[in-house]
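A.B. asks: Here's a structure for you.
Please treat every number below as a calculation from the coordinates, not as lab data. Everything numeric here is computed off the predicted structure, so don't read it as measured data. Positions of Cβ are backbone-derived with ideal geometry, glycine not excepted, and every protein chain shown enters the neighbour counts.
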Amino acid sequence: MTAVEPVLQAEAVDVVRDGRHLLRDISLTIAPGEHWAVLGANGAGKSTLLALLGAVSHPTRGTVKVLGRQLGRVDIRELRAHLGHVNPRHPLRSPLTVREVVLTGLTNSIEPDRFHPPSPEQRAQADSLIHTLGMTRRADAPWTTLSQGERGRTLIARALMPQPRLLLLDEPATGLDLTAREQLLTSLDDLRRLHPSLSSVLVTHHLEELPTTTSHALLLRDGACVASGPAPDVVTTDLISACFDHPVRITREEGRWAARAAARPVASGVR
């Protein structure tokens, strides 16, 4: 039986900037169809790690292989074309429609490339993704009129247009209200079921923002790995408390996690 090549592999990675370790001795292997969450407090190194996984930056020490190709030995511009990176700070300002924004994912451009118009098949693919992300009713709505949640789902559809093997999501639920967050997470679960070979990495510091299809987790604290592995083994009261340096109690119901501050013991004699 032929071994399945990892989508991503990092080994003993350090990232040092201005003499300061942003990441220290990080190792990670992601197989096809796995959906990882990277969790940690602000400043833990989550965005630095995502930049490595997305071939945006290079490690100071160690090796990173993305889709079987090692950073430092490959044209990263070509490599990025095979990755779906969702940037919640998408710089578009013009009133493109949802469909037009999704189609810019084909050329990885902000505005439509008039020299490479999409084919009928590509337009049909865009409409299919728009439907999967629950945006069909808004397909012709201008970007400037979209809510933050609608923009997030549009950008995920855009990232999927090149049919990437790896989808990277940087705090996609930031700033969303309750309804928009739940719509986003439902869309991600639907997407993952429809595309079983797709792998993904979702960065967040809120457990409530993890989709039910999350399969694995990596916990970061001060640039170091606290724990890594299958999500049920990692997203636990003890490990999350250690990761965030604060006592919390973790619960899971219907596939979704939640965190609450651990109850403090009442001192003897106090009423």
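A.B. asks: Percent antiparallel among DSSP beta bridges with both residues in the chain, to the nearest 5?
C.D. replies: 60 percent
A.B. asks: Still on this structure: Using the basic label-point model (7 angstrom from Cα toward the beta carbon), what is the D75 to T212 distance in nanometres?
C.D. replies: Between D75 and T212, the label points sit 4.4 nm apart.
A.B. asks: Please get the size of the charge dipole for region 48-149, origin at its Cα centre, with Cβ charges of +1 on Lys and Arg and -1 on Asp and Glu, quoted in debye to the nearest 20.
C.D. replies: Dipole of region 48-149, to the nearest 20 debye: 400 debye.
A.B. asks: Charges only on Cβ, +1 for Lys and Arg, -1 for Asp and Glu: so what's the dipole of the chain about the Cα centre, in debye to the nearest 20?
C.D. replies: For this selection, approximately 340 debye.
A.B. asks: Translational diffusion coefficient of region 132-224 at 4 °C, 1.567 mPa s, Stokes-Einstein with Kirkwood Rh over Cα pairs, in µm²/s as a whole number.
C.D. replies: 92 µm²/s
A.B. asks: Next question. Give the dimensionless ratio obtained when the Cα radius of gyration of region 200-261 is divided by 2.2 N^0.38 Å.
C.D. replies: Rounded to two decimals, the normalised Rg is 1.02.
A.B. asks: For the chain, what class follows from the C-alpha gyration tensor (a ≥ b ≥ c being the square roots of its eigenvalues): rounded when a/c is under 1.5, otherwise prolate if a/b is larger than b/c, else oblate?
C.D. replies: oblate
A.B. asks: What is the distance, in nm, between label points placed 7 Å from the Cα along the Cα-to-Cβ direction at D14 and at R89?
C.D. replies: According to this spin-label approximation, the distance is 2.8 nm.
A.B. asks: Taking a ≥ b ≥ c as the square roots of the Cα gyration tensor eigenvalues, with a/c under 1.5 meaning rounded and otherwise prolate when a/b beats b/c, else oblate, which class fits region 7-79?
C.D. replies: Note, shape of region 7-79 comes out oblate.
A.B. asks: Can you classify region 39-142 as rounded, prolate or oblate using the Cα gyration tensor, where a ≥ b ≥ c are the square roots of its eigenvalues, rounded means a/c under 1.5, and otherwise it's prolate if a/b beats b/c and oblate if not?
C.D. replies: Prolate.
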